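Below you'll find the structure, written out as structure tokens, and then a few comments.
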Amino acid sequence: MIIAVDGPAASGKGTIARALARHYGLPHLDTGLLYRAVALNVLREELDPEREADAVASCDFPDSLLADPQLRTDEAGRVASVVSAHPLVRAALLQRQRRFAQQPGGAVLDGRDIGTVIAPDADVKLFVKATPTIRAQRRHAELRKAGQNVSLDRVLADIRARDDRDARRSEAPLRQAADAALLDTSFLSIEAAVQRAISLVETRAARPREQAGE
Ligand code: CDP
Ligand code: CDP
């Protein structure tokens, strides 16, 4: 079973994808980490993330980089959304994600374009959303916990800028696949959101394929 989980920043898709992977005993890939790794390479080499050639030169990284705590910074997320708009960067990371999705037994992947580009034939697609204000509050709480002192207004502005960039780019923009189930986590606890996700997976995985596009 391939489960695709997409949505904007801090919608809760990573939490849900991890919980689904645990529940079904499937491997999980947070595809945002790949773009964050490219961003970290660009930052460390002092390259220009707006230049496609600079970003492409940063796409060849070892798996060990995916465990680097610096990937989680706000800066890495912001630069990730700049480098991820380059078509050649997306192409360079495509096979790695497809191989992960197509491994025997299945997988859970979360990101922006899993249901639309990476695994358009996924058995189950979820599109997770929450209001920008609630997502900013969640991200702000995380940053404070990690000792990063930024204002809520700044986090909200960053979230809006990132939403805008991710949805407007021409290559694999952030959008809900036609056959994805929508899960709004704005007013759900983590436990309630995960329960809802599991019940969506159960009902959608049980339906015949021709009904999946309803
Ligand atoms: O965790 P958060 O939602 O803040 O971000 P992320 O999932 O780590 O992704 C960082 C950036 O990578 C996003 O803003 C997107 O621009 C990009 N990304 C993408 O383009 N496609 C994906 N499948 C995953 C991430
Ligand atoms: O992966 P994505 O950026 O979409 O979000 P996440 O990392 O799963 O969740 C962002 C933050 O919101 C985390 O601190 C979660 O614990 C929190 N969260 C929440 O408060 N309520 C939910 N229903 C889901 C996530």
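The values are calculated or read from the model by the stated rules, or taken from the named source; none is laboratory data. Predicted model only: the values in this text are computed from it and were never measured. So basically every Cβ, Gly included, is an ideal-geometry build from the backbone, and we count neighbours across all protein chains shown.
Is it the case that the stretch 15-23 has a residue that's basic (K, R), more than 16 Å from ligand 1 (Cβ to nearest atom) and assigned to a loop (DSSP other than H, G, I, E, B)? Checking the stretch 15-23: not a single residue is basic (K, R), more than 16 Å from ligand 1 (Cβ to nearest atom) and assigned to a loop (DSSP other than H, G, I, E, B). Where helices (runs of 4 or more DSSP H) sit wholly within the stretch 99-214, those with at least 3 residues that are out of contact with any Phe, Trp or Tyr (no Cβ under 8 Å at 6 or more places or on another chain) and within 19 Å of S84 (Cβ to Cβ) occupy 152-168. Of the residues making up the stretch 26-67, those that are in contact with a His (Cβ under 8 Å, 6 or more places away or on another chain) and not β-branched (V, I, T) are E52, A55.
Just to verify a result, which residue in the stretch 1-55, among those that are closer than 30 Å to T185 by Cα and of a type in the set (V, I, T), is nearest to the chain's Cα centre (by Cα)?
Here is the first cut: in the stretch 1-55, the ones closer than 30 Å to T185 by Cα are 1-40.
Restricting the remaining residues to those that are of a type in the set (V, I, T) gives 2-3, 5, 15-16, 31, 38.
Numbers: I2: 15, I3: 13, V5: 8, T15: 11, I16: 11, T31: 6, V38: 15 Å.
Checking each candidate, the answer is T31.
Considering A80, A37, A57, the condition of being at pLDDT 95 or above, surrounded by 13 or more Cβ atoms within 10 Å (Cβ to Cβ) and closer than 17 Å to Q95 by Cβ is satisfied by A37 alone. Filter the stretch 114-154 down to the residues that are hydrophobic (A, V, I, L, M, F, W, C) and free of Cβ contacts under 8 Å to residues at least 40 places away in the same chain, then identify the one that is surrounded by the fewest Cβ atoms within 10 Å (Cβ to Cβ). Ranking the qualifying residues of the stretch 114-154, first place goes to A141.
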